[in-house]
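The values are calculated or read from the model by the stated rules, or taken from the named source; none is laboratory data. Everything quoted here is computed from the prediction, not taken from an experiment. Here Cβ is always computed from backbone atoms with ideal geometry, including for glycine, and neighbour counts include all displayed protein chains. Protein only, heavy atoms only, side chains kept; ligands, DNA and RNA dropped before computing areas. Shrake-Rupley method; radii C 1.70, N 1.55, O 1.52, S 1.80 Å.
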Amino acid sequence: MEDKNDRVSTSLALLVVLWPAGLWLIGFFVAQLARLNGCRIWARGPEECLFLGTDVGEYIYPLWSLGFYLMGVFLWIPIGLILLGVIRFIRRAS
């Protein structure tokens, strides 16, 4: 019978597998807030984006590539599952 201490916690498992999705969601929400504020986010270059009196266009400019980052999120899930299996194997073996 497997001891409870040998198991990898659910929160650690979710963190290993889904951390890129969390980062992507943060970027997506920031981009949506910027668009609601009237900012443009596109590959042409940084646009002026005033938020609380400060130009943040240069900082949100990389968010135009959120679609590319989403592909990375989907590609990470199998890698994260493999890492989770390795972590579980190492914990079980020790």
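Key figures for this structure:
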read-out: One residue from Leu52, Leu75, Leu36 being closer than 18 Å to Trp24 by Cβ and surrounded by fewer than 14 Cβ atoms within 10 Å (Cβ to Cβ); value: Leu75
read-out: Given (1) open to solvent by less than 50 Å² (accessible area, probe 1.4 Å); (2) of a type in the set (Gly, Ala, Ser); (3) on the phi > 0 side of the Ramachandran plot, index of the condition Gly80 fails; value: (3)
read-out: Qualifying residues in region 1-60 (those that are among the acidic types (Asp, Glu) and more than 30 Å from Ser94 (Cα to Cα)) - the one modelled with the highest pLDDT; value: Glu48
